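Note sheet for the following structure.
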Amino acid sequence: MPSTPAAAPPVVVVLTGGASRRMGSHKPLLEVGGRALVARVLDAAADRPTLVVGPGQGVPEGVRVVAERVPGGGPVSGVATALATLVAEGTPSGAPLPYAVVLLAADLPFVTPEHVGRLVASLASADLAVTVDHADRVNWLCAAWRTDVLGRRLEALGDPYGRSMRDLADGVRRVPVTDHGRVALDVDTPADLERARRRAAGDPDA
């Protein structure tokens, strides 16, 4: 009987979709510290494989970009596109799926490779590792999933259009990963963007 191939290393999925209504322009293209937000987020992948789902503006050359199956469908729809892409890419050659998928929003200018590593390592005791800040706010789009569990949850949800990440995570065995260094701060509004730019410039109070 042939042996089952070992799972591939984690893949970092960066979601660039979203209407950016509060910002008024496509957030991943906005610059912090002289670089587009999406490029800064991709830095957090370090040497891990990456996949961008959504518009590809500002994405560095050489990074795989796939369009959302249903543009405007929300983050769960983007996650479903990512997993379908990974499954399709693994099928022809028999390549295994990654054992973990890291989900990052494209508006996290200070997320680090070390934090991504902590998320992945935390899957040793859970099926979902999710970032939680000092006020116990959960950032569902700074998280790592066991791929098989993510697939089962997407299948159970059915049509992902308009579904929330909270819906996707419902009932999943998860562990919080504390954001001690405020690396998972997101940029939703012009005020957030200005604060992020001050922080990138070295302002300790930003």
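Yes or no, residue by residue, for (1) out of contact with any Ser or Thr (no Cβ under 8 Å at 6 or more places or on another chain); (2) surrounded by 15 or more Cβ atoms within 10 Å (Cβ to Cβ); (3) farther than 16 Å from Ala105 by Cβ; (4) modelled with pLDDT of 95 or more:
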residue	(1), (2), (3), (4)
Pro2	yes, no, yes, no
Pro9	yes, no, yes, no
Arg21	yes, no, no, no
His26	no, yes, no, no
Val53	no, yes, no, yes
Gly56	no, yes, no, no
Glu61	yes, no, yes, no
Pro71	yes, no, yes, no
Thr81	yes, yes, no, yes
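Being on the phi > 0 side of the Ramachandran plot and modelled with pLDDT of 95 or more, is that true of even one residue in the stretch 192-201? Even if it seems obvious, please write down each step before you answer.
Filtering the stretch 192-201 down to residues on the phi > 0 side of the Ramachandran plot leaves none.
Within the stretch 192-201 (the criterion being on the phi > 0 side of the Ramachandran plot and modelled with pLDDT of 95 or more), the answer is no, since none of the residues qualifies.
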Exercise. Out of the residues in the stretch 113-156 that are touching a helix residue (DSSP H, G or I) at 6+ places or on another chain (Cβ under 9 Å), within 13 Å of Tyr99 (Cα to Cα) and of a type in the set (D, E, K, R), state the one that is least open to solvent (accessible area, probe 1.4 Å).
Key: Asp127
Quiz item: How many residues does the stretch 157-187 contain that are surrounded by 11 or more Cβ atoms within 10 Å (Cβ to Cβ), outside any loop (DSSP other than H, G, I, E, B) and either free of Cβ contacts under 8 Å to residues at least 60 places away in the same chain or among the hydroxyl-bearing types (Ser, Thr, Tyr) (or both)?
Solution: 5
Quiz prompt | Odd one out for Arg197 among (1) buried (at least 17 other Cβ atoms within 10 Å of the Cβ); (2) under 25 Å from Ser77 (Cβ atoms); (3) not aromatic (Phe, Trp, Tyr) | solution = (2)
Quiz item: Could you say whether any residue in the stretch 35-49 is part of a loop (DSSP other than H, G, I, E, B) and of a type in the set (Asp, Glu)?
Solution: yes
Quiz item: In the stretch 137-163, which residues are at pLDDT below 95 and of a type in the set (S, T, N, Q)?
Solution: none
Exercise. Answer with yes or no whether Val116 is among the β-branched types (Val, Ile, Thr), over 19 Å from Pro160 (Cβ atoms) and either modelled with pLDDT under 95 or not in a helix (DSSP H, G or I) (or both).
Key: no
Practice problem: Look at the stretch 164-191 and say how many of its residues are at pLDDT below 95 and within 26 Å of Ala8 (Cβ to Cβ). | Solution: 0
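The values are calculated or read from the model by the stated rules, or taken from the named source; none is laboratory data. The model shown is predicted, which means the values in this text are computed figures rather than measured ones. Note: ideal-geometry Cβ built from the backbone for every residue, glycine included; neighbour counts use all protein chains shown. Quick note on the areas: whole protein, heavy atoms, side chains included, nothing else; ligands and nucleic acids left out. Shrake-Rupley method; radii C 1.70, N 1.55, O 1.52, S 1.80 Å.
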